[in-house]
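Quick notes on the structure that follows.
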Amino acid sequence: MSVPARLLLIDPQEKMMPAIEGAKSVLARILFLTTVANLLEKPILATVQNREKLGDLPEDLRGYPTFDKMTFSAYPALASALEGVPEVFVVGVESHICIYQTVVDCLANGIGVTIAADACGARTADRHELGIAACRSAGATILHSEAIAYQWLGSADHPKFRDVLSVVKHYSVPI
């Protein structure tokens, strides 16, 4: 039996998110993907950077296996949990630091990476854009979170299609 892909929540912490440009939208897109992942029984892993200073995950994102880290790349903290995983889907902060370094390490270890660019952020738009561009150059696939949801479904014949469609409609309302 093959090991399923994982959704990685990289450091969307309570004390960090207020500094992120468009934080409300980034968190909404992360919640969208976690909701879809839960419906489709996709495993979710989370990391927190320097928990003592940056706090925990927002309450809506707690309950997933969460790994503490001090390195900017999440890969060292997640390495054992990613053993045999063929692909990860990445969301979180910051695009040009922890997301980028995690992407490079996952790719170097043979794990395919898809980033939900709208579910990632940084303190400024230019940092986010440069980080996403660097991830693309490194070999990551860059998609919108909604495209990932439909990729996970694969077909409108999927038994959970209507449930996912309901989530898509719910999160399509402007915030």
request  = Return only the number of the condition from (1) crowded, with 23+ Cβ neighbours inside 10 Å; (2) in contact with a Leu (Cβ under 7 Å, 6 or more places away or on another chain) that ALA122 does not satisfy.
outcome  = (2)
query = Restricting attention to the range 60-70, does a residue exist that is assigned to a helix (DSSP H, G or I) and either within 16 Å of MET16 (Cβ to Cβ) or in contact (Cβ under 8 Å) with a residue 40 or more places away in the chain (or both)?
reply = yes
task = Please give the number of the condition GLY84 fails out of (1) of a type outside the set (S, T, N, Q); (2) in contact with a helix residue (DSSP H, G or I) (Cβ under 9 Å, 6 or more places away or on another chain); (3) exposed (fewer than 15 other Cβ atoms within 10 Å of the Cβ).
result = (2)
query = Would the range 53-64 turn up any residue that is surrounded by 17 or more Cβ atoms within 10 Å (Cβ to Cβ), in contact with a Gly (Cβ under 8 Å, 6 or more places away or on another chain), at pLDDT 95 or above and not charged (D, E, K, R)?
reply = no
ask   = Looking at (1) touching an Asp or Glu at 6+ places or on another chain (Cβ under 8 Å); (2) assigned to a strand (DSSP E or B); (3) hydrophobic (A, V, I, L, M, F, W, C), which is the only condition CYS98 fails?
value = (2)
ask   = Just wondering, is there one or more residues in the range 145-157 that are more than 16 Å from the chain's Cα centre (by Cα) and under 27 Å from ALA19 (Cα atoms)?
value = no
inquiry  = Checking ASP126 against (1) within 13 Å of the chain's Cα centre (by Cα); (2) free of Cβ contacts under 8 Å to residues at least 12 places away in the same chain: exactly one of these is not met. Which one?
reply    = (1)
key: Subset tally (residues that are of a type in the set (S, T, N, Q) and in contact with a Leu (Cβ under 9 Å, 6 or more places away or on another chain)) for the range 71-109   = 3
query = Of everything in the range 3-46 that's free of Cβ contacts under 8 Å to residues at least 40 places away in the same chain and not in a helix (DSSP H, G or I), which residue is surrounded by the most Cβ atoms within 10 Å (Cβ to Cβ)?
reply = ALA46
remark   = Matching residues in the range 105-125 (more than 27 Å from LYS24 (Cα to Cα) and not polar (S, T, N, Q)) number 7
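The values are calculated or read from the model by the stated rules, or taken from the named source; none is laboratory data. On a predicted model such as this, the values are computed, not experimentally measured, just so you know. Cβ atoms come from the backbone with ideal geometry, glycine included; neighbour counts cover every protein chain shown.
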